[in-house]
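Colleague: Next up is a structure, given as structure tokens.
The values are calculated or read from the model by the stated rules, or taken from the named source; none is laboratory data. Just so it is clear, the structure is predicted and the values come from calculations on it, not from any experiment. Please note: Cβ atoms are built from the backbone with ideal geometry, for glycine as well, and neighbour counts cover all protein chains shown. Areas reflect the complete protein model, heavy atoms only, side chains present, ligands, DNA and RNA absent. Shrake-Rupley method; radii C 1.70, N 1.55, O 1.52, S 1.80 Å.
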Amino acid sequence: MSLLIRGGKAFIGGKFVEKDILIENGIISKIGPSLDTKADETLHADNFLVLPGLIDPHVHMREPGATYKEDFYTGGRAAIAGGFTTVMDMPNNPVPTITKERLEEKIGLAKQKSLCDVLFHFGTTDNNFDEIKKADPQSLKIYLGKTTGDLMLHNPASLEMHYKNFPKNRPIVLHCGSSDPDPQENMRKTIGVIKNAASLAKKTKNKIHLAHASTKNDITVAKNYAKCTVEVAPHYLFLSSENVEKLGVFGKVYPPLRPEQKRIMMLSALELVDCIATDHAPHTPEDKENGAAGFPGLETSFGLIFDLCNNGILDKIRLVQLMSENPAKIFGINNKGMIKTGYMGDITIVDPKKEWVVDALEMHSKCKWSPFQGKRLKGKVHTVVKGGNVLYREYEFVN
Ligand code: DOR
Ligand code: ZN
């Protein structure tokens, strides 16, 4: 099987260039201007941007245990439609991913059901040290604050134990948060949690990654206290506590949306950020009415971040680094995150001129609502190729 992608502006070697890409047996085999090659299938990408498949390091696929919210089939389709060929799933299922057996169960389910590749962050408790050794995961997730479900550390000594036991070259993802209802106190206490976790990681020489930074201070504190990578979710760049008045219960998320002036500061802090992560946290409208926290994000993330490019806030080169190259590097995902010979044939093709309006009813995620409902955007994922197979073409699934 071979696929030729012709005529687009492809992101190769750190810049956009007019080059064709040949994928053979799932792997990128040739790159060059006007390749003189025949292939089983040809995609014409004229006027489009050709990007390495996007990678989202923070999603909640909800399977097993909460498949009425999302499962690997619907979540995988939401990912592909959003341009993501690889996602990393979080462990806070009703029965969390804190044992080797649970991890293997998830790997099996994802393999059967998901169109995109799924990798898994392994959960931590105050006493699952032996299971972590047994499972030998590539990354850990540590909850130092309330999430959906009960997964979090309670004993202050556990953090250091996890740091000490885990290989120093593998990332530990930190959820830092506070449950204080007062907005100012919530921000202040969140920063306290970050400071503490980062300074300890500096001492134990661990590689840490800060999940969903929600203020510029979160980022600077994390980076001042340790060598730390940081992700930001699109909702902290586009929504603030002012939007909660209109969103009501649908505006609830951990960490909470911050004041408008903090959101604007966050936009100016984008140069400090290492990657974009959706924190795709699907809940049904009914669960939202009952107080569930979290937003779906897989199918709006690219459009929103591209909107920052359209508005001169972010460079397109940075977009690709933040949404593909850097997540691959941070999480050690070999052979992904770049268009390069020998790398996986995972490609996201974008029409930068396509105008569209966010409509959750058209989305593939189960939750059928979005905090960005009705937002007008320009730039949309047009075609997605995974392992040389065209899965999505002209805004529709091939199968
Ligand atoms: O708002 C959130 N929702 N924050 C989290 O940390 C977890 C997520 C979820 O799983 O629903
Ligand atoms: Zn999350």
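Colleague: Could you please give the count of residues in region 295-311 that are within 16 Å of ligand 1 (Cβ to nearest atom) and out of contact with any His (no Cβ under 6 Å at 6 or more places or on another chain)?
Modeller: 2
Colleague: Going residue by residue through region 62-70, is there one that turns out to be of a type outside the set (Gly, Ala, Ser), away from ligand 2 (no atom under 16 Å from the Cβ), part of a strand (DSSP E or B) and under 28 Å from HIS209 (Cβ atoms)?
Modeller: Looking for residues that are of a type outside the set (Gly, Ala, Ser), away from ligand 2 (no atom under 16 Å from the Cβ), part of a strand (DSSP E or B) and under 28 Å from HIS209 (Cβ atoms), one finds none in region 62-70, hence no.
Colleague: Here's a follow-up. Can you tell me which residue within region 141-178, out of those that are outside any loop (DSSP other than H, G, I, E, B), farther than 27 Å from GLY291 by Cα and of a type in the set (A, V, I, L, M, F, W, C), is farthest from ligand 2 (Cβ to nearest atom)?
Modeller: Once the filter is applied, the top-ranked residue is ALA157.
Colleague: Applying the selection to region 255-288, what residues are more than 25 Å from TYR73 (Cα to Cα) and either hydroxyl-bearing (Ser, Thr, Tyr) or within 16 Å of ligand 1 (Cβ to nearest atom) (or both)?
Modeller: Correct list: PRO255, PRO256, LEU257, ARG258, SER268.
Colleague: Exactly one condition in (1) open to solvent by less than 50 Å² (accessible area, probe 1.4 Å); (2) closer than 24 Å to ILE55 by Cβ; (3) in a loop (DSSP other than H, G, I, E, B) is false for MET266; which is it?
Modeller: Of the numbered conditions (1) open to solvent by less than 50 Å² (accessible area, probe 1.4 Å); (2) closer than 24 Å to ILE55 by Cβ; (3) in a loop (DSSP other than H, G, I, E, B), the odd one out for MET266 is (3).
Colleague: Here's something else I'd like to know. Tally the residues that are within 25 Å of ASP56 (Cα to Cα) and open to solvent by 60 Å² or more (accessible area, probe 1.4 Å), restricting the search to region 196-219.
Modeller: So the count comes out to 3.
Colleague: Could you tell me whether PRO181 is over 22 Å from PRO94 (Cβ atoms), within 16 Å of ligand 1 (Cβ to nearest atom) and either free of Cβ contacts under 8 Å to residues at least 12 places away in the same chain or in a loop (DSSP other than H, G, I, E, B) (or both)?
Modeller: Criteria met by PRO181.
Colleague: Test each condition in (1) in a strand (DSSP E or B); (2) open to solvent by less than 10 Å² (accessible area, probe 1.4 Å) for LYS30 and report the one that comes out false.
Modeller: The failed condition is (2).
Colleague: Oh, and also: I'm checking my understanding of the structure. Among residues of region 80-101 that are outside any loop (DSSP other than H, G, I, E, B) and away from ligand 1 (no atom under 16 Å from the Cβ), which one is most open to solvent (accessible area, probe 1.4 Å)?
Modeller: Checking each candidate, the answer is GLU101.
Colleague: Something else now. Between VAL249, VAL230, which is touching a residue at least 40 places away in the same chain (Cβ under 8 Å) and part of a helix (DSSP H, G or I)?
Modeller: When all the criteria are applied, what remains is VAL249.
Colleague: Something else now. Yes or no: region 361-372 includes at least one residue that is among the aliphatic types (A, V, I, L, M) and more than 30 Å from CYS228 (Cβ to Cβ).
Modeller: yes
Colleague: If you go through region 329-341 one residue at a time, do you hit one that is touching a helix residue (DSSP H, G or I) at 6+ places or on another chain (Cβ under 7 Å), open to solvent by 10 Å² or more (accessible area, probe 1.4 Å) and part of a helix (DSSP H, G or I)?
Modeller: Looking through region 329-341, none of the residues is touching a helix residue (DSSP H, G or I) at 6+ places or on another chain (Cβ under 7 Å), open to solvent by 10 Å² or more (accessible area, probe 1.4 Å) and part of a helix (DSSP H, G or I).
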